[in-house]
Amino acid sequence: MSKLESSPEAPLPLRRISQALAEWIGRLGEIWVEGQVAQFVRRPGVATYFLTLRDVDANISMQVTCSRTVVADTIGEGARVVIRARPDFYAERGTLSLRATEIRQVGLGELLARIERLKQVLAAEGLFAANRKLRLPFLPATIGLITGRASAAERDVVENTRRRFPGAQFAIENTATQGTNAVTELIAALQHLDARADVEVIVIARGGGSIEDLLPFSNEALLRAVSK
């Protein structure tokens, strides 16, 4: 596509910009995309399903449409998926979406294999090296605690710490600890507490859960944020 020429005296109509975007995006063809299903809408009597696909590491999402024959019954909100789709720019509304022709759920075995590969990469970079670990203060002025709101993990950490150190002070940040918002919320809370001069130790805590529920704690972006 050639460069569009314009000036204050000869501006382009909005429809020309929209058409140009549609033409450029249409040239991308089908692509494979990975993400997490943040929303899944099935409308009665409608053969098209509507999904919101969210990036697993960033606060970025996009609408996905597909035929109901493409989606397996096991796929729902929170599922990690790989989709084969064609980017589609709707010129009249100026919206971008993906039209999926195939959707595959990422299985547990593949998720565990990815975690192991990430562990090896980060270890090779030295993120887990013993010389990076700091000595914990015996009695920190304030303990930063990142956990789910009104969770058993929050209660356990606070109660057990205060049994040993009755005067312990906490700065508590409540975040999602699973699902599509967890990584961004955990990183934001970590950065907020790390910026406080009185917080000497930060604990990120949650209870048990399935491998899928615990995936945010094996996320590369979160691990790198913790290592800084």
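Numerical summary
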| item | result |
| --- | --- |
| For segment 126-227: rounded, prolate or oblate by the Cα gyration tensor [a/c cutoff 1.5] | oblate |
| FRET E, pair Q120, E23, Förster distance 41 Å, beta-carbon r, rounded to 0.05 | 0.45 |
| Where trypsin sites (Lys or Arg not before Pro) fall in DSSP loop in segment 159-203, at most 16 other Cβ within 10 Å | R196 |
| Charge tally in the Cβ shell below 13 Å around I204, where Lys, Arg are +1 and Asp, Glu are -1, I204 excluded | -3 |
| Antiparallel %, DSSP beta bridges [both residues in the chain], to 5 | 65 percent |
| Charge sum, other residues only, whose C-beta stays under 13 Å from T177's C-beta, Lys/Arg counted +1 and Asp/Glu -1 | -3 |
| Segment 14-106: C-alpha gyration tensor shape, a/c 1.5 cut-off, then a/b vs b/c | prolate |
| Hits among lysines - C-alpha to C-alpha of K119 under 18 Å, sequence gap 8 or more where chains match | K133, K228 |
| Stretchable slack from A141 to N160, in nm (0.36 nm times residue separation minus alpha-carbon distance) | 5.1 nm |
| Computed helical MRE - 222 nm, the chain, DSSP H runs ≥ 4 contributing -39500 (n - 2.57), nearest 500 | -9500 deg cm²/dmol |
| Cβ charges +1 (Lys, Arg) and -1 (Asp, Glu), total dipole of segment 14-106, debye | 280 debye |
| Between segment 22-81 and segment 150-201, the alpha-carbon center distance in angstrom | 33 Å |
| Trypsin sites (Lys or Arg not before Pro) within segment 1-90, DSSP loop, no more than 14 other Cβ atoms inside 10 Å | K3, R27, R42 |
| T184, T52, T69, T95 arranged by Cβ crowding within 10 Å, fewest neighbours leading | T69, T95, T52, T184 |
| Unit charges at the beta carbon, dipole of segment 90-159: most positive-side option, L112, T101, V158 | L112 |
| Separation of the E102 and D194 label points, Cα + 7 Å toward Cβ, nm | 3.9 nm |
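Read-outs throughout are calculated quantities, based only on the coordinates presented, and are distinct from any laboratory measurement. None of these values were measured; they are calculated from a predicted model. Here the Cβ is made from the backbone with ideal geometry for all residues, glycine too, and neighbour counts use every protein chain on show.
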